[in-house]
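Here the structure comes first, spelled out in structure tokens, and everything after it is commentary.
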Amino acid sequence: MSRIGKNPISIPAGVTVDVNENTVTVKGKLGQLVQDYADVTVKVEEGQVIVERPSDSKDHRAKHGLYRSLINNMILGVSTGFTNELELVGVGYRASNQGQKLDLALGFSHNIVLEVAPEVTLETISEKGKNPIVKLTSYDKQLLGQITAKIRGFRKPEPYKGKGIKFVGEELRRKAGKSA
């Protein structure tokens, strides 16, 4: 039995879970998410969501834990939401936003302008003497991760000086560089 898949998911107050033929719909105060599923059975019983698999085949075992995690992330997202914070480390690196447009100055000959999806709340924090921070908040963990990865991919942190876009609190593996 999957250690993750066998755990029931408790439904918090203010969240409704509807299970149809092959889709799960989760509604909460922050929004609504829909997920398709296959090869497992999803049941809502006594304020809990239970995911079960029909057999112990490799495919069914893999999907058991997967769909349980996806449904759990949907329930957490519509009730509390998710937040990712990115820090821009480097001289002259700046971030600003106007609505859903993120404007990044990352040492290239031009600024990078990224249009962020409306489901994601965008905020930039620039304090004197500190690195700029881009704060992304959403109820959809998957979309939030994709947008965060895209922004980070513009200038990944390099191992010698640590310049680039990194997560707040992320520990980078540093290299020594040339020994003179």
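Condition check for Thr124 on (1) surrounded by 14 or more Cβ atoms within 10 Å (Cβ to Cβ); (2) in contact (Cβ under 8 Å) with a residue 40 or more places away in the chain: one failure, at (2).
Per the conditions (1) open to solvent by less than 30 Å² (accessible area, probe 1.4 Å); (2) aliphatic (A, V, I, L, M); (3) free of Cβ contacts under 8 Å to residues at least 60 places away in the same chain, the sole criterion not satisfied by Val78 is (3).
Screening Arg68 against (1) open to solvent by less than 70 Å² (accessible area, probe 1.4 Å); (2) more than 30 Å from Ser10 (Cβ to Cβ); (3) among the charged types (D, E, K, R) leaves a single unmet condition, (2).
For segment 132-180, residues that are assigned to a loop (DSSP other than H, G, I, E, B), surrounded by fewer than 18 Cβ atoms within 10 Å (Cβ to Cβ), in contact with a strand residue (DSSP E or B) (Cβ under 7 Å, 6 or more places away or on another chain) and without any contact (Cβ under 8 Å) to a residue 60 or more places away in the chain total 4.
Out of segment 87-119, which residues are of a type in the set (Gly, Ala, Ser) and either at pLDDT below 95 or in a loop (DSSP other than H, G, I, E, B) (or both)? Scanning segment 87-119 gives Gly90, Gly92, Gly99, Gly107, Ser109, Ala117. Here is the figure for segment 43-65: residues that are in contact (Cβ under 8 Å) with a residue 40 or more places away in the chain and at positive phi total 0.
The values are calculated or read from the model by the stated rules, or taken from the named source; none is laboratory data. These numbers were taken from a predicted model, which means no experiment stands behind them. Cβ sites come from the backbone with ideal geometry, for glycine too, and all protein chains shown count toward neighbours. Only protein heavy atoms, including side chains, enter the accessible area calculation; ligands, DNA and RNA are left aside. Shrake-Rupley method; radii C 1.70, N 1.55, O 1.52, S 1.80 Å.
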